[in-house]
Amino acid sequence: MSFISNFWNRNMRKRIFVLGIDGTPATFIRKMITEGKFPNFQKLVQKGTLRRMNSVIPCISSVAWTSFMTGTNPAKHNIQGFVDRKPNPFKIFIPLANEIAVLTVSEMLSRAGKRVVSINLPVSYPPKQVNGVQISCFLATDISKAVYPTDLAPKLKELGYRIDVDAKLARNQRYDEFLKDLHHTFDQRVKTARYLMEQQDWDYFHLHIMETDRINHFFWEQWENGDTKFAPEFEKFYQKVDQFIGELDRLLPDEIDFMILSDHGFCTLKKEVYLNHWLEKNGYLKYKSKTPQAITDLDPNSKAFSLLPGRIFINLKGREEFGSVAPGQEYENLRNELIEKLPSLVDPDSGESIVRKIYKREELFNGPFFKTTPDLLVVPHDGYDFKGNIAEEKLTAKGTLVGMHTDDDAAFFLRNHFIKKDDNSFGIIDILPTMMELLGVQVPEARQFDGMSIL
């Protein structure tokens, strides 16, 4: 392990290396350790604490990782979904890093004089000006625009850095090509990380592996069912991740805090569920035409609509461009009516219940962007994934994705520290305050976190 030769001979100060393994469940890690398939992680957990932690609601990577990097809830950091809406004028958009309303970990540490390197963290495009290096996430389309400082872009191209795996290959059932591309993307990301670990002086290094989430979406069911072809391929990729974890453990001396975490768990996806279909069939949602092209084509007489995953917005007068529901009692009556009716949703084929829990927004969110949060959050039972599709002919369908997110099985590991917290007694929102404590960085009182340190 010579690629970082003499680096650690520099004056030792508090440092932390964070490895994000997107969508990797804590229960999956423990299972693979128990079966002897993660030998490096097995050695590593003997030096620290592995815990199962909660994600966020709605359980979307962009929301979860923004909560991680800000320590705040969506009504404060302002990232509320992979797609979001502006109420007036009514517009659907994909939120980028410039929509984040509070400072992120890289910005806070930069202001504190710390050197940072961040690679591929979701919702990091466009890249911010940091004291160090930031390489953007899958939201970027051009490497030359995806990195700060910009003069690093030619080196990334030389290294063969890949922004993301080509998911279209899997959607088109070209699975062998997808797996090859997945391995290549991972290899090039790790290669780039090794280069930056050697070339950059850093106090905080975040390397984010998105390929774990990608393979889970397209192969989780095959792995759970023991598919003779793809289950071994699934485990082969994860064992490559385990080998890299072992490499990091050997490379990073004990003085460096080594953290590994995921943003949510995973399970087999039984059915996609189209809430807008249900809202339309029950008279809450209407469209301007028989062939609507987007949810923005809703009729002004509509009472409610949905965006993924399970976010319901009331068409509220004074807030929405075409609001039809009066604030006050009419609004509350409609929310209560939906809360009463939605639990009756069942899988038309199996008869299984679909809805696990429904939250009013005030149960989950607080902050200056509270008014733009969804009015209701519908959380499904494992296996049922709420989508925001419009004009669907059925309530449920089986799509190309075979794995879905779960909000209660994210993974957290910290080397050389014993975490007294039990499984699911803390969440991803608590990790930034924990890192700040590890790094010895004082946070101004005016910059309050919603999470708290778990140390």
Students often forget the sequence filter, so: which aspartates and glutamates lie under 18 Å Cα-Cα from Lys290 once same-chain residues fewer than 8 apart are removed? Glu280, Asp299, Glu392, Glu393
How many nm is it between the label spots at Glu198 and Lys31, if each spot is 7 Å from the Cα in line with the beta carbon? 3.8
Would you mind listing how long segment 271-400 runs along its three principal axes, going by Cα atoms, in whole Å with the largest first? 41, 35, 24
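Only Lys, Arg, Asp and Glu count, each charged at its Cβ (+1, +1, -1, -1), so figure out the dipole size of the chain about its Cα centre, rounded to 20 debye. Display every interim value, and only then the final one.
On the way: 59 positive and 60 negative charges, 146 e Å.
Computed about the Cα centre, the dipole is about 700 debye.
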Centre separation in Å (Cα based) which lies between segment 33-60 and segment 115-173: 26
Which lysines, on any chain, are close to Lys14 with Cα under 28 Å apart, when same-chain ones fewer than 8 places away are left out? Lys43, Lys47, Lys114, Lys128, Lys191, Lys420, Lys421
About the Cα centre, and with charges only on the beta carbon of Lys, Arg (+1) and Asp, Glu (-1), how big is the dipole of segment 271-400? Nearest 20 debye, please. 200
Low-density loop positions, trypsin sites (Lys or Arg not before Pro), segment 23-118 - DSSP coil, at most 16 other Cβ in 10 Å: Lys37, Lys47
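Between Ile94 and Lys360, what FRET efficiency comes out of the Förster formula 1/(1 + (r/R0)^6) with R0 = 25 Å and r the beta carbon distance, rounded to 0.05? Walk me through the intermediate numbers first.
Details: r = 26 Å, r/R0 = 1.04.
My answer for the efficiency is 0.45.
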Lys420-Asn172 pseudo-label distance in nm [points 7 Å out on the Cα-to-Cβ vector]: 5.6
Taking other Cβ within 10 Å of each residue's Cβ, how do Ser118, Ser344, Ser110, Ser425 sort, fewest first? Ser344, Ser425, Ser110, Ser118
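How charged is the neighbourhood of Ala167? Take every other residue with its Cβ under 12 Å from the Cβ of Ala167, and add Lys/Arg as +1 and Asp/Glu as -1.
Working: positive: Lys168, Arg171, Arg174, Arg214; negative: Asp164, Asp166, Glu177, Asp181, Glu211, Asp213.
Here the count lands on -2.
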Over the Cα atoms of the chain the radius of gyration and the largest Cα-Cα distance (Dmax), both in Å, equal 22.3, 69
Per-residue counts of other Cβ atoms within 10 Å, averaged by peptide: what ranking do you get for 371-379, 320-328, highest first? 371-379, 320-328
Where the convex hull is taken over the Cα atoms of segment 105-237, what is its projected area averaged over directions, in nm²? 8.4
Bridge orientation stat for segment 271-400 from DSSP, antiparallel percent rounded to 5, came to 75
Furthest towards positive pole of dipole, Leu401, Ala153, Ser118, structure part the chain, Cβ charges: Ala153
Antiparallel %, DSSP beta bridges [both residues in the chain], to 5: 55
Counting other Cβ atoms within 10 Å, keep those with at most 11, restrict to DSSP loop, and tell me which chymotrypsin sites (Phe, Trp or Tyr not before Pro) in segment 399-455 are left. Phe418
Suppose only helical runs count, i.e. DSSP H with n ≥ 4. What mean residue ellipticity at 222 nm does that imply for the chain under -39500 (n - 2.57) per run, divided by all residues and rounded to the nearest 500 deg cm²/dmol? -9000 deg cm²/dmol
Rank by packing, highest mean first: peptides 251-263, 231-243, with packing defined as the count of other Cβ atoms within 10 Å averaged across residues. 251-263, 231-243
Label point distance in nm, Arg250-Asn336, each placed 7 Å from Cα along Cα→Cβ: 6.5
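Assuming R0 = 45 Å, can you tell me the calculated FRET efficiency for the pair Ser453 and His381, based on Cβ-Cβ distance, to the nearest 0.05?
Details: r = 33 Å, r/R0 = 0.72.
Efficiency for this residue pair is about 0.85.
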Using Cα atoms only, what is the angle between the long axis of helix 175-199 and the major principal axis of the chain, expressed in degrees (0 to 90) to the nearest 10? 50
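Can you give the FRET efficiency for Ser344 and Lys394, using 1/(1 + (r/R0)^6), R0 = 25 Å, r = Cβ-Cβ distance, to the nearest 0.05?
On the way: r = 17 Å, r/R0 = 0.66.
Efficiency, from the Cβ-Cβ distance: 0.90.
Are any of the pairs Lys157/Lys240; Lys76/Lys180; Lys229/Lys394; Lys76/Lys303; Lys37/Lys155 more than 30 Å apart by Cα-Cα distance, and if so, which? Intermediate values should be presented prior to the final figure.
Working: Lys157/Lys240 23 Å; Lys76/Lys180 40 Å; Lys229/Lys394 32 Å; Lys76/Lys303 27 Å; Lys37/Lys155 35 Å.
Violating the 30 Å limit, Cα to Cα: Lys76/Lys180; Lys229/Lys394; Lys37/Lys155.
None of the figures in this text is laboratory data; all of them are computed from the coordinates on show. Please read these numbers as outputs of a predicted model, since none were measured by experiment. Please note: Cβ atoms are built from the backbone with ideal geometry, for glycine as well, and neighbour counts cover all protein chains shown.
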